[in-house]
Amino acid sequence: MTFAPLLAAPAVVIAHAFAAIAALVLGVAQLAAPKGTVPHRVAGWLWVGLMATVAATSFFIHTICTFGPFSVIHGLSVFTLVALPGAVAHARHHEVAGHRRAMRSLFFWALIVAGVFTLW
C-alpha cells in the first residue's frame, strides 16, 4: 500500500483524509480514556476541530454524486456540523448521558459509516 495516490490528490482531499484519520485515531483514544479529565477535555476540543474540518472539507469533494453534486455522505457532514455544537453544549451543561450519546453517534455515523461508504 502506498500513499502516493492520496498525496497526488487535490489539497482539500488531502486535508479531509488526514483530518479524518486523525479524528478516527483520537476518537478511539477518547472512547477508551478516562472521562472528565483535563486531557479528555483538551483532546475533545481537538477532536471537535478535526470533525468540523472533515465535515467542512467534504463539501468541496464531489467524487461520489447521487443528488446533483452531493451524496448521502454529504448528508452525514450536515449532521456532523449540526450535532457537534449540541454535543459540546451537553458537556458544558454537565449532561453526561447526552454528551456521551451525541459523541458516540458522531463517531459511529460521521467516521465509521461515512468511512465505510467512502472506501466502498
Taking θ as phi - 60°, what are the ³J(HN,Hα) couplings along the range 93-108 by the Karplus curve (6.51, -1.76, 1.60), each to the nearest whole Hz, with x for Gly and Pro?
9, 6, 8, 4, 5, x, 5, 4, 4, 5, 5, 5, 5, 4, 4, 5
Which net charge results for the neighbourhood of Gly27, defined as the other residues with beta-carbon distances under 14 angstrom from its beta-carbon, given Lys and Arg at +1 and Asp and Glu at -1?
+3
Under 5 Å between amide hydrogens, which residues at least 5 positions from Phe70 or on another chain qualify, with H placed 1.01 Å from N in the peptide plane?
none
Spatial separation of Cα centroids for the range 72-120 and the range 24-54, in angstrom:
12 Å
Is it possible to state the helix-based mean residue ellipticity at 222 nm for the chain, with each DSSP H run of 4+ residues giving -39500 (n - 2.57), the sum divided by total residues, to the nearest 500 deg cm²/dmol? What is it?
-23000 deg cm²/dmol
Using a Debye calculation, one point per C-alpha and no hydration shell, please list log10 I(q)/I(0) for the chain at q = 0.16, 0.18 Å⁻¹ in order.
-0.76, -0.93
Quick one: if you stick a label point 7 Å off each Cα along the C-beta vector at Leu7 and His40, how many nm between them?
3.8 nm
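Laboratory data are not the source of any read-out in this text; all were calculated from the coordinates shown. Keep in mind that this is a model prediction, so the values were computed, not measured. Because the Cβ atoms are built from the backbone with ideal geometry, glycine has one as well, and the counts that use them run over all protein chains shown.
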